[in-house]
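The values are calculated or read from the model by the stated rules, or taken from the named source; none is laboratory data. Nothing here was measured: the structure is a model prediction, and the numbers come from that model. Every residue, glycine among them, receives a Cβ derived from its backbone with ideal geometry; neighbour counts consider all protein chains shown. When the accessible area is computed, the model is the full protein with side chains, heavy atoms only, and any ligands, DNA or RNA have been set aside. Shrake-Rupley method; radii C 1.70, N 1.55, O 1.52, S 1.80 Å.
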Amino acid sequence: MSMRRGIAILGSTGSIGRSTLAVIALHPEAFKVAVLGAFSSWQVIVEQAKVFHPDVVVLVDEEAAAKARAALRDCGSATQVESGERALSSAVSAADVHMVMAAIVGAAGLQSTLAAVRAGKRVFLANKEALVMTGRLLMDEVCRAGAELIPIDSEHNAIFQCMPAGYLPGNPARGVTRVILTASGGPFRSIAAEKMAHVTPDEACAHPKWKMGRKISVDSATLMNKGLEVIEATLLFGLTESQVDVVVHPQSVVHSLVEYADGSMLAQLGAPDMRTPIAQALAWPERFASGVQSLDLVAIGQLGFEPPDHVRFPSLTLARAAARAGGTAPTVLNAANEVAVQAFLDRRLNFVGISTVIDKVLQRLNASPVKALGDVLDADAAARRLANTFIDPAHGAFA
Ligand code: NAD
Ligand code: MG
């Protein structure tokens with residue numbers, strides 16, 4: 001019998017998915033890649049399948065799945081190719097899948113993340129939007145199913161590492177008074193306010209410290225990423241919004257800190273490379289190599305910390321308000337943000353318009369309690385519809 005543990009990687013063709021496979025490639029004796037899943041990048045996933053020989057490849061897009069199926073059949077591969085969103089959920093629930101990397105971007109990752117949690121798997125959570133939009137509901141499912149949720153987001157993984165030994169998200173963080181999320185400040189940290197309306201999608205995606213997918217790159221530029229992370233931290237670690245602080249730390253060396261009742265602050269440091277949090281989660285509770293270079297503190301020299309600018313970056317304020325309002329407010333915030341970011345990437349909305357649209361949607365849709373998944377899905381759909389009405393296709397963003 002193999003000692004290798006079965007892993008499913010959803011979003012395998014993306015930034016986190018590729019970093020995950022890079023770490024797994026260093027430890028072939030430890031993992032059996034059972035499932036690879038993505039939306040439509042069939043050429044990439046076929047190449048991944050040739051290297052990692054998964055039992056199943058899922059491409060949500062049917063046409064792309066057909067192309068991958070033909071390509072893999074032609075090279076004599078035994079990998080089965082499936083299509084459709086449902087196939088993602090059934091693939092992660094299979095008995096020989098022990099761990100699931102949830103790295104689909106946005107609300108599109110919700111159903112498969114939820115399926116992995118409900119099947120009681122060890123879930124590596126990169127897809128923060130799934131948690132933000134469902135709130136307590138997802139954490140309750142984690143407890144009910146006896147799943148293990150390990151954060152991949154570098155800040156939350158840092159906090160997880162600074163928690164007492166044996167701590168798992170979803171439990172009260174004993175002795176913890178506060179956590180401090182660090183933010184790089186993004187590509188527009190020091191840009192003048194009047195220039196912000198004119199920045200382009202490519203400028204917004206040119207992150208100074210991290211190479212990421214385009215959606216999260218824009219979120220980092222607006223600081224909405226940090227806003228989503230504040231909500232993510234309250235849910236994972238059972239904290240109130242006021243117990244989650246944010247400091248801008250341009251070097252991106254300190255990934256976050258935990259403050260204890262006795263005044264101690266524990267921090268996790270490392271190079272800004274997602275392979276470190278990914279390897280920490282994959283090996284947990286052990287440790288193994290990630291392929292990341294060790295830090296040269298003397299070369300770094302100085303670590304800086306400054307407060308975030310809420311005037312130029314109103315998204316952080318909006319996210320904090322949604323966190324305090326609770327219920328469907330984070331769902332609405334997340335959905336409006338996804339619509340606005342896509343419109344910005346498509347050049348149908350300017351950069352400043354992103355937070356304006358989210359603000360308008362939040363003002364119009366009052367928060368209501370979340371009792372069941374249906375409440376989340378309804379609020380998500382309503383927020384998307386309303387957000388689209390605020391994005392006027394006639395007003396080109398860069399006119
Ligand atoms: P990415 O855009 O590089 O990759 C997204 C992946 O999701 C791709 O594999 C794509 O095929 C898949 N996908 C997209 N839409 C889908 C759909 N409808 N159905 C199924 N699959 C779909 O994104 P990324 O940067 O890897 O980010 C993935 C997640 O991880 C996001 O939630 C992001 O917030 C989070 N995250 C990323 C980083 C990072 O450094 N990239 C850091 C922290 C958290
Ligand atoms: Mg992060």
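Among the residues making up the range 240-253, those that are within 16 Å of A325 (Cβ to Cβ) and in contact (Cβ under 8 Å) with a residue 60 or more places away in the chain are E241, V244. Considering A116, A102, the condition of being at pLDDT 95 or above, of a type in the set (G, A, S), within 14 Å of ligand 1 (Cβ to nearest atom) and farther than 22 Å from S220 by Cβ is satisfied by A116 alone. When residues of the range 212-239 are filtered for being part of a loop (DSSP other than H, G, I, E, B) and either within 11 Å of ligand 1 (Cβ to nearest atom) or within 22 Å of D359 (Cα to Cα) (or both), how many remain? So the answer is 3. Select from the range 64-88 the residues that are more than 18 Å from the chain's Cα centre (by Cα), open to solvent by less than 50 Å² (accessible area, probe 1.4 Å) and in contact (Cβ under 8 Å) with a residue 24 or more places away in the chain and list them in ascending order. A64, A68, A71, L72, S77, T79, V81, S83, G84, A87 - these are the residues of the range 64-88 that are more than 18 Å from the chain's Cα centre (by Cα), open to solvent by less than 50 Å² (accessible area, probe 1.4 Å) and in contact (Cβ under 8 Å) with a residue 24 or more places away in the chain. Would a scan of the range 147-159 turn up a residue that is more than 16 Å from ligand 2 (Cβ to nearest atom), modelled with pLDDT of 95 or more and farther than 17 Å from L239 by Cβ? Yes - at least one qualifying residue is present in the range 147-159. Right, V254: touching a Leu at 6+ places or on another chain (Cβ under 6 Å) and closer than 22 Å to L149 by Cβ or not? So V254 fails the test. If the condition is being part of a helix (DSSP H, G or I), open to solvent by 20 Å² or more (accessible area, probe 1.4 Å) and of a type outside the set (A, V, I, L, M, F, W, C), then the range 318-366 contributes R320, R324, E338, Q342, T356, D359, K360, Q363, R364. In the set (1) touching a Ser or Thr at 6+ places or on another chain (Cβ under 9 Å); (2) closer than 27 Å to A340 by Cα; (3) away from ligand 2 (no atom under 16 Å from the Cβ), the condition left unmet by V132 is number (3).
The selection criterion, being over 21 Å from F288 (Cβ atoms), of a type in the set (A, V, I, L, M, F, W, C) and in contact with a strand residue (DSSP E or B) (Cβ under 8 Å, 6 or more places away or on another chain), holds for L59. When G37 is tested against (1) open to solvent by less than 30 Å² (accessible area, probe 1.4 Å); (2) of a type in the set (G, A, S); (3) in a helix (DSSP H, G or I), just one condition goes unmet, and that condition is (3).
Just the residues that are of a type in the set (D, E, K, R) and in contact with a Gly (Cβ under 8 Å, 6 or more places away or on another chain), please, taken from the range 326-365. Those that are of a type in the set (D, E, K, R) and in contact with a Gly (Cβ under 8 Å, 6 or more places away or on another chain): E338, R347, R348.
Taking first residues from the range 1-28 that are in contact (Cβ under 8 Å) with a residue 12 or more places away in the chain and within 16 Å of ligand 2 (Cβ to nearest atom) and partners that are among the β-branched types (V, I, T) and open to solvent by 10 Å² or more (accessible area, probe 1.4 Å), the Cβ contacts under 6 Å between residues at least 6 apart in sequence or on separate chains come to G11/I104. Selection of first residues in the range 278-294 that are over 20 Å from E155 (Cβ atoms) and of second residues that are of a type in the set (A, V, I, L, M) and open to solvent by 60 Å² or more (accessible area, probe 1.4 Å), restricted to Cβ pairs under 6 Å at least 6 apart or on distinct chains, gives the following pairs, ordered by first then second residue: A289/L26; G291/L26.
When P54 is tested against (1) open to solvent by 50 Å² or more (accessible area, probe 1.4 Å); (2) part of a loop (DSSP other than H, G, I, E, B); (3) modelled with pLDDT of 95 or more, only condition (1) is not met.
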